Amino acid sequence: MTKLFLILLVFIGLQTIYAQESSKPTVKFSGFVKTDVFYDTRQSSAANYIREGHFYLFPDSILLDKDSVDINDKDAFQMLSIQTRLKASITGPDAFGAKSSGVVEAEFFGTSDADVNGVRLRHAFVKLNWTKTELLIGQNWHPMFPVNAIPGTVSFNTGTPILSFSRNPQIKVSYSFTKQVVANVTAYSQRDFTHTGPDGISNKYMRNANMPGFNGELSFNNDSLKMNAAAGINFKSIVPEIKTSLGYFTNQRLNSLSYYAYTQKKFKPITLKIMGIYAENATDIMMIGGYAIADTIDKTKGIKKYTNLTTASGWIDIQTNGKKIQFGIFAGYTKNLGSQDNIYGKYYVRGQNIDYIETFAKLYYFFDISKIFA
């Protein structure tokens, strides 16, 4: 068995021949202690990422007992401090003619319900910045997550499952055509946010596809207009199984395409954020949808054909720009568009019985408590 390893020597704690005395490494620590108290009027969706109801997706559907009583019509209460975070921001020496920097950030969210309070890696990446080009290597936000237009929700879920949400190991190259226009190309894999399949929730389905996911994005940012926007296309491929139920090898893959666009505009009284998404097989970015078995193309060997389940979503976030108190409204809608193919087998999906989800949340939160009581 032959393996190819790409060895990346990062700058932390290393002095290279490219380092200069005038740019010694520095580390700045930050973080916060956070406690969330929440009450649900109904049992909520319990995907692998929920953590005792902390990351809310949608209410569970009706589940009747033998007396026709809805079992899921039961309220719940919880108090957690697992979002407490520690972060190290690193400025490194100049290397290869570029400014180097990096981030390591962790929290106590764990990686599953069984691991609540366990340390989880959020971000860990190195950046090299030249005049017009930036190279990022490590774990960071999925390219479909709107980093420059995040909804200001009080809830930790930021609007999921209407909003795409994921962090991924990746290699990202950005090129600035001008100060306002930047093109990004990202190759990524999966770690904490994955698909489901015949063997449950796992990143093995993308690993077995033997290629990363790819994302291309064009972004615009204008400080004088107080506006930024981006639009992109995403491609990924998975191989749900390599051994059929009849014991034969299979390499049948499923390719998926997604499209998205978002914008943020700051006016004097309010900030407006809008995003639209059209996604195929979107379970890995915490949206509804997924894929299913469309047919058995070789019945003697049990080789299956897969089909994408498509999801469309849109949301708007409006918040005031007060210095002491801010008010915000987040509203969104996501729709299960189904599949272009007939389905004759099992579904691997989030929210299989969901037609659509709509949300409307009015939020109140303090911007700076010290100024409120000053």
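The values are calculated or read from the model by the stated rules, or taken from the named source; none is laboratory data. What you are looking at is a predicted structure, and each value in this text was computed from that prediction instead of being measured. Ideal geometry is used to build each Cβ from the backbone, glycine not excepted, and the neighbour counts take in all protein chains shown. Each accessible area value is taken on the protein alone, full model and side chains, heavy atoms only, with ligands, DNA and RNA left out. Shrake-Rupley method; radii C 1.70, N 1.55, O 1.52, S 1.80 Å.
Comparing the range 272-340 with the 2.2 N^0.38 Å rule of thumb, its C-alpha radius of gyration ratio is 1.74 (two decimals).
Our note on the geometry: Cα centres of the range 100-164 and the range 221-264, 17 Å apart. Converting phi to 3J(HN,Hα) with the Karplus coefficients 6.51, -1.76 and 1.60 and the offset θ = phi - 60°, the range 303-316 yields 7, 10, 10, 10, 9, 6, 9, 9, 10, 10, 8, x, 8, 9 Hz in sequence order, with x at every glycine or proline.
Within a Cβ distance under 12 Å of GLU52, other residues only, what is the Lys/Arg minus Asp/Glu net charge?
Values: positive: ARG51; negative: ASP36, ASP40, ASP113, ASP115.
Charge balance near GLU52 sits at -3.
Label zone (ASN117, point 7 Å along Cα-to-C-beta; backbone nitrogen cut-off 20 Å) within the range 46-90: 49-55, 77-86.
Remark: the range 281-291, residue by residue, has Karplus-estimated 3J(HN,Hα) of 6, 9, 5, 6, 10, 6, 9, 6, x, x, 8 Hz, where x stands for each Gly or Pro and the curve is 6.51 cos²θ - 1.76 cosθ + 1.60 at θ = phi - 60°. Charging the Cβ of each Asp and Glu at -1 and of each Lys and Arg at +1, and nothing else, the dipole of the chain about its Cα centre rounds to 1180 debye. With one equal scatterer per alpha carbon and no solvent term, the Debye-computed log10 I(q)/I(0) for the range 216-270 at 0.13, 0.16, 0.27 1/Å reads -0.55, -0.65, -1.00. Among the listed values (1) 44; (2) 53; (3) 33, the one computed from these coordinates for percent of Cα pairs over 31 Å apart is (1).
Compute the projected area of the convex hull of the Cα atoms of the range 131-224, averaged over all viewing directions, and report it in nm² to one decimal place. Could you put the intermediate results ahead of the total?
Working: hull surface 31.4 nm².
Result: a mean projected hull area of 7.8 nm².
Straight-distance candidates among the aspartates and glutamates for linking to LYS304, with alpha-carbon spacing under 17 Å and chain neighbours fewer than 8 residues away dropped: ASP199, GLU241, ASP295, ASP341. For GLN326, the amide hydrogen comes within under 5 Å of the amide hydrogens of TYR365, PHE367, counting only partners 5 or more places away or on other chains and with H modelled in the peptide plane. Pairwise Cα separations in the range 181-260 fall into 5 Å bins from 0 onward with the following percentages, short to long: 3, 13, 19, 18, 13, 10, 8, 6, 4, 2, 1, 1, 0.
Within the range 315-352, list the trypsin sites (Lys or Arg not before Pro) lying in a DSSP loop whose Cβ has at most 10 other Cβ atoms in a 10 Å radius. Could the numbers behind the result be given before it?
Numbers: sites: LYS323, LYS324, LYS335, LYS346, ARG350; in loops: LYS323, LYS324, LYS346.
Hits after loop and neighbour filter: LYS323.
Accessible area per residue for the chain is 54 Å², calculated with a 1.4 Å probe on protein heavy atoms, without ligands, DNA or RNA.
With both partners inside the chain, how many of the DSSP beta bridges are antiparallel, as a percent to the nearest 5?
Once the DSSP bridges in the chain are tallied, antiparallel ones form about 100 percent.
For TYR306, the residues 5 or more places off, or on other chains, whose built amide H falls under 5 Å of its own are ALA294.
Can you tell me the relative contact order of the chain? Whole percent, Cα pairs under 8 Å, sequence separation 6 or more.
Details: 907 pairs, mean separation 37.8, N = 374.
The value is 10 percent.
Here the scattering of the range 240-374 is modelled by Debye summation over its C-alpha atoms, one equal scatterer each and no solvent; at q = 0.19, 0.21 Å⁻¹ the log10 of I(q)/I(0) is -1.04, -1.16.
For the pair TYR248 and LYS66 in one chain, pulling the backbone fully straight at 0.36 nm per residue adds 61.3 nm over the alpha carbon distance.
In a simple Cβ point-charge model (Lys, Arg +1; Asp, Glu -1; nothing else charged), the range 111-227 has a dipole of about 280 debye relative to its Cα centre.
Whole-Å semi-axes of the range 234-305's equivalent ellipsoid, largest first, each the root of 5 times a Cα gyration tensor eigenvalue? Each step should come with its number before you reach the end.
Details: eigenvalues 337, 16, 15 Å².
They are 41, 9, 9 Å, listed from largest to smallest.
A dipole drawn for the chain from +1 and -1 charges on Cβ atoms has a positive end, and of VAL182, ASN255, ILE343 the residue lying farthest that way is VAL182. Residues whose amide H falls under 5 Å from that of THR158, counting only those 5 or more places apart or on a different chain, are absent, with hydrogens built in the peptide plane. Grouping the Cα pair distances of the range 51-158 into 10 Å bins from zero gives a pair-distance distribution of 11, 28, 29, 17, 9, 4, 2, 0 percent in increasing distance order. Counting only protein heavy atoms and a probe of 1.4 Å, the accessible surface of the chain is 59% carbon and sulfur.
List the lysines whose Cα lies under 16 Å from the Cα of LYS236, skipping any in the same chain that are fewer than 8 positions away. List returned: LYS172, LYS204.
Per-residue ellipticity at 222 nm, computed for the chain from helices alone with -39500 (n - 2.57) per DSSP H run of at least four residues, works out to -500 deg cm²/dmol.
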